[in-house]
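The next block holds one structure in the form of C-alpha cells; read it before the comments.
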Amino acid sequence: MAQVACRYCMRIRNDTSSYRTRPARHEIGSAFPRCDWHWQFVCARCGNVRNFHAIGFCPREKRLFCIDCAPEHRAARKPFWGWAYYYRLRCPWRSEWHAALDRLEFEGRHPWQLDESWKRTKQGMSPRPDLGERWSFRVEPLESVTEETSRTSWDAAAGWWTSRYSARGDVNRECVIDPALFRLLGDVRGQRILDAGCGSGYLSRILAKKGGRVVGVDHSQKLLEVARRVEKEDPLGVRFHEADLAHLSLPGEGTFDVIVSNVVLQDVVALGEAIRQLYQVLRPGGRLLFSITHPCFERPVPGTWLREPADSERVEEWRGLLLDRYFDRVALWSAPSGQQPMVGFHRTLEDYSCALHDAGFLITRMEEPTPTDDAVERRYREFADYQRVPLFLIIEAIRPHV
C-alpha cells in the first residue's frame, strides 16, 4: 500500500522544491493527513494540545507552550515556505519572545533539530490519534431547560468560568465589547446603575470606579460569592443580590437610571419576562444597554467555521463560516473539554427585538463591536476572525417617558 504524504509537507515543497516530504502518520483517512513534525503538540503549562504552528518553545526552560498560555502573541510578517507570517509568542516563564514550531523548523531551531533524543522519542508530540475537541457541545430543546437547571449549571461551571477573568473581564469583554459599551454609556457619575447578570462582578466594579452607584444581580450563588469576596477585600459600595432576571424582587419601580447587561441575555431562560422586569425597574427616559452573542453568527449554532485542517490556528486557513438552522431555538450546553458545561440559548434577532417591543422599550441604537487595532496586534489569532464576521451585538433601548 502506497504511503500518503503529509499535506503540510506538500505545501512546503510547492514553495521550496528541495524540502523533503514525510509520510503521514495522523489523520491519514482525512483530507489533511499529517506527519509527526506537523501534528499537534502538548503545552507543558496547561496540558492542552495545539496545532504545531501555535506552539512555542523556550530553549532555556526546554519546554513547549501553547498560544493560549502565552501572555501575548503577534503575527510576525516575515514570509517563509509560502506562509505570510508566523506567531511570535511571549514566554510564560521568562521575559522573552519565541517563534512557533513552524518557523523554528524553517530556521533549523526546532527542538527535534537541536536534540536527537527529543526527535527519537517524539518529545512533546501529542500521542492522541485524532484531533479531539477543545470544547464540548450538545444541543437540546429550549423548553427542556428550567431556571433551576440553568442556575445549577452556572454554579457548577463557576470555577473554570472565573479562572478566565481578570479585573477587566475576559479577553472578549476587555478588547471587543467593553470599549464600545463604555463609549455608548458615556459619563456615569452619580447614576443609579443595575448590572443585570453581574456574574463575578468585574463590570460592576469598573462602573463603580467610574462614579456609578451600582447594584449587581445574578442567579448564580457561586459567582456572587466571588463578587462579594472581592468587594469585601476592596469596598467600592457595590451591592450584590441573588435573583433570576425574570424575578428581580428589587424594591420600587423606576429605581435605575441605566441598566447594563453584558453578554447575559442569551443565557436567560425566560427572555420575555426578564426584559419586562428590566423595563419595570428602569426610570422613564432611562437606558438599557446590553450585549449578546450575535444571533446571526453565534458559534457553533447557527455558525461553524470551516477550517482546513480542522485544528488550524491560522485564520487564512478558515475558509468561511457555515450558517445553518438559524431559526432553530435551542439550548446549547458548552464547556472546555473536561469541564462542567453551562447552558445558554440560541434565539433569533427577531426574538430579541420583539421582546423589547412587547415590554415597551424603544430601540435607539445597534452596534456590532470589533476588536481594537491594538488587540489584533497583540493577540492576532484570537481576534483576526472578528474582522471578518461579528461575534457580538450591542443594543441600546430606552423606556420612553410616555
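The values are calculated or read from the model by the stated rules, or taken from the named source; none is laboratory data. These numbers come from a predicted model, not from an experiment. Counting neighbours? That spans all protein chains shown, and the Cβs are built from the backbone with ideal geometry, glycine included.
A few comments on the model shown:
- Every residue from the stretch 336-354 that is assigned to a strand (DSSP E or B), at pLDDT 95 or above and not aromatic (F, W, Y): M342, V343, G344, H346
- Scan of the stretch 337-351 for residues that are in contact with a strand residue (DSSP E or B) (Cβ under 6 Å, 6 or more places away or on another chain) and either surrounded by 15 or more Cβ atoms within 10 Å (Cβ to Cβ) or not hydroxyl-bearing (S, T, Y) (or both), ordered by number: P341, V343, G344, F345, H346
- In summary, A24 fulfils each of the numbered conditions (1) at pLDDT 95 or above; (2) surrounded by fewer than 23 Cβ atoms within 10 Å (Cβ to Cβ); (3) outside the structural domain of R109 (by TED's automatic domain parsing); (4) of a type outside the set (K, R) with the single exception of condition (2).
- Wholly enclosed strands (runs of 3 or more DSSP E) of the stretch 197-315 bearing at least 3 residues at pLDDT 95 or above and surrounded by 16 or more Cβ atoms within 10 Å (Cβ to Cβ): 213-218, 256-262, 282-293
- Scanning the stretch 55-111 for residues that are closer than 24 Å to T16 by Cβ and acidic (D, E) yields a count of 3.
- A84 fulfils the conditions (1) among the aliphatic types (A, V, I, L, M); (2) out of contact with any Pro (no Cβ under 8 Å at 6 or more places or on another chain); (3) crowded, with 17+ Cβ neighbours inside 10 Å except for a single criterion, (3).
- Test: residue in the stretch 169-179 that is in the same structural domain as D267 (by TED's automatic domain parsing), assigned to a loop (DSSP other than H, G, I, E, B) and of a type outside the set (S, T, N, Q): yes
- Scanning the stretch 123-156 for residues that are among the basic types (K, R) and not in a loop (DSSP other than H, G, I, E, B) yields R138, R151.
- Against the test of being surrounded by 19 or more Cβ atoms within 10 Å (Cβ to Cβ), out of contact with any His (no Cβ under 9 Å at 6 or more places or on another chain) and farther than 17 Å from E61 by Cα, the options R103, R74, R120 yield a single qualifying residue, R74.
- Candidates H98, H53, H38: the one that is assigned to a strand (DSSP E or B) and either acidic (D, E) or under 25 Å from P336 (Cβ atoms) (or both) is H98.
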